[in-house]
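Right, one structure below, let's go through it.
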């Protein structure tokens, strides 16, 4: 920069004016230099602020670095491998069988309702996770030793000294059961050894099949017992009707009212035919003989005797006889009522016998089949824990926590 030593009028400047101009020029140069190089002062300010701010690094350390490192070490190296064995099965009804549906009038059953299959599927699913299943497995397998070996991490290891209630709760974490709306049941068992996982899955399937057979066996036995009770009631009813018919025959002296009535009608018809013939013969004799003649009197006596016989038979069939205290028409009515009841009882008794035979046949066979869809196989690699996924989730949560902490701090500053 050069300074003109002359004023605007072209005269030379005095030393005082020259000093003033030089000072202004220096101040202007300083201002230009300060605005053209602002980084030095800004950097010094930022460095000073950084020296004073120690909270942000601490937040990063405790909210991001340590949790990320800890989750990586825990999920990546500490937790033991778990081997998962999967199996799928379904409960299916027997084709053409009569199952535990609502009993009908004779104690039989007609079909398998879908509600029964769904209910049994839910029962099996709950039974697999129950304490009873744990106790059954303990009787056949070293269940506590499988989950308490020394090579299992302490977080996942089970204490064998704990009671069975704790073991049942631990078992519910090792087994998963899913029941779909279609009736398909999925069972997954995870253990710390592939052979143990396979053994446990097979034992669970065997016990589940035994439970299904037990449920259907109870239903079959109930149906058979109900059929037998109904058959005995029908037999007693038919026996009472037979005794009532016998008592009526003994009391009224008639073996068969229907046949007796038919015989009486036949006799009356024959007697009327004889009477008609005698009446015709009498009219012919009366043309030639007198009324007091022997022949006419004999025919009249025969006709009177036939009329008495017809009247007596009709009186016995329709009127009360004080001497014998028997009315054939009333006896016939009673016989008809008892005979109708007897025929109905015989048909019902035959139906109960057939129903009892069907129930017996059903009781000897299985009505629900344990159909295996996916057989359990030995796992070749561990599927749990899902280390990469858990580590990624932990790092993401730690980063989010750190970011929210920094943002909240800036908003409150």
* To do: Would you mind finding the one in 327, 395 that is surrounded by 16 or more Cβ atoms within 10 Å (Cβ to Cβ) and at pLDDT below 75?
  => 327
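For the structure I just gave you, tell me whether residue 126 is more than 19 Å from residue 82 (Cα to Cα), in a helix (DSSP H, G or I), over 18 Å from the mean Cα position of the chain (by Cα) and at pLDDT 90 or above. I'd like the intermediate steps shown before the answer.
On the way: more than 19 Å from residue 82 (Cα to Cα): yes; in a helix (DSSP H, G or I): yes; over 18 Å from the mean Cα position of the chain (by Cα): no; at pLDDT 90 or above: yes.
Spelling it out, it is not the case that residue 126 is more than 19 Å from residue 82 (Cα to Cα), in a helix (DSSP H, G or I), over 18 Å from the mean Cα position of the chain (by Cα) and at pLDDT 90 or above.
Would you pick out the residues in the range 360-378 that are at pLDDT 75 or above, surrounded by 12 or more Cβ atoms within 10 Å (Cβ to Cβ) and under 14 Å from residue 183 (Cβ atoms)? Talk me through it step by step, then tell me what you get.
Taking the range 360-378 first, the residues at pLDDT 75 or above are 370-378.
After this cut, where a residue has to be surrounded by 12 or more Cβ atoms within 10 Å (Cβ to Cβ) as well, the list is 370-372, 374-378.
Passing the criteria: 370, 371, 372.
What's the total number of residues in the range 136-161 that are more than 30 Å from residue 73 (Cβ to Cβ) and out of contact with any helix residue (DSSP H, G or I) (no Cβ under 7 Å at 6 or more places or on another chain)? Walk me through it before giving the result.
Our first condition is that a residue be more than 30 Å from residue 73 (Cβ to Cβ); within the range 136-161, this holds for 136-143.
Now drop any that are not out of contact with any helix residue (DSSP H, G or I) (no Cβ under 7 Å at 6 or more places or on another chain), which leaves 138-139, 142.
Summing the residues that are more than 30 Å from residue 73 (Cβ to Cβ) and out of contact with any helix residue (DSSP H, G or I) (no Cβ under 7 Å at 6 or more places or on another chain) in the range 136-161 gives 3.
The values are calculated or read from the model by the stated rules, or taken from the named source; none is laboratory data. Here the structure is a predicted model, which is why all the values come from computation and not from measurement. In this analysis, Cβ positions are derived from the backbone assuming ideal geometry, glycine residues included, and neighbour counts consider all displayed protein chains.
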